[in-house]
Amino acid sequence: MSTSIQRYHIGPRLAEIVVHNNTVYLAGQIAETLDKDARGQTEEVLAAIERLLNEVGSEKQKILSATIYLADMADYDAMNDAWSAWVVPGHTPARATVEARLADPRYRVEMVVIAAL
């Protein structure tokens, strides 16, 4: 028996959202406003994640795991301030945060999440 795979916002290199077996996979999300600081970019990324999850019938309370990439670990506290204000108490996902060189030096944060549908 095969299960369907739904892809949304398909581009030449990636789909923004993939849904399979009642699981939602989001591509790495970055801020569009690159002159913001780490907190501002994090807030923008979290809003995008919430919008994308809602688009397919999920929500932030259903996030199973999050991987957060920071261009500089010095931004960890600023990112965490925005994250803590956004995440729903009692519904925190498994999470990892790592420092990584991101595709554009203006990116401060990129997030990848997996959520239940």
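The values are calculated or read from the model by the stated rules, or taken from the named source; none is laboratory data. What you see is a predicted model, and the numbers here were worked out from it, not measured in a lab. Here Cβ is always computed from backbone atoms with ideal geometry, including for glycine, and neighbour counts include all displayed protein chains. Only protein heavy atoms, including side chains, enter the accessible area calculation; ligands, DNA and RNA are left aside. Shrake-Rupley method; radii C 1.70, N 1.55, O 1.52, S 1.80 Å.
Summary of values
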{"item": "Tally of residues being surrounded by fewer than 16 Cβ atoms within 10 Å (Cβ to Cβ) and hydroxyl-bearing (Ser, Thr, Tyr) across segment 85-117", "result": "1"}
{"item": "Failed condition for Thr3, given (1) crowded, with 16+ Cβ neighbours inside 10 Å; (2) among the hydroxyl-bearing types (Ser, Thr, Tyr); (3) modelled with pLDDT under 95", "result": "(1)"}
{"item": "The listed residue being surrounded by 11 or more Cβ atoms within 10 Å (Cβ to Cβ), under 21 Å from Leu102 (Cα atoms), in contact with a strand residue (DSSP E or B) (Cβ under 6 Å, 6 or more places away or on another chain) and of a type outside the set (Asp, Glu), out of Ala66, Ala71, Ala82, Ala47", "result": "Ala66"}
{"item": "Tally, over segment 34-44, of residues that are open to solvent by 50 Å² or more (accessible area, probe 1.4 Å) and more than 14 Å from Ser84 (Cα to Cα)", "result": "3"}
{"item": "Filtered residues of segment 85-105 (kept if outside any loop (DSSP other than H, G, I, E, B) and within 18 Å of Ile30 (Cα to Cα))", "result": "Trp86, Arg95, Ala96, Thr97, Val98, Glu99"}
{"item": "Where Ala78 falls short, out of the listed (1) part of a loop (DSSP other than H, G, I, E, B); (2) without any contact (Cβ under 8 Å) to a residue 60 or more places away in the chain", "result": "(1)"}
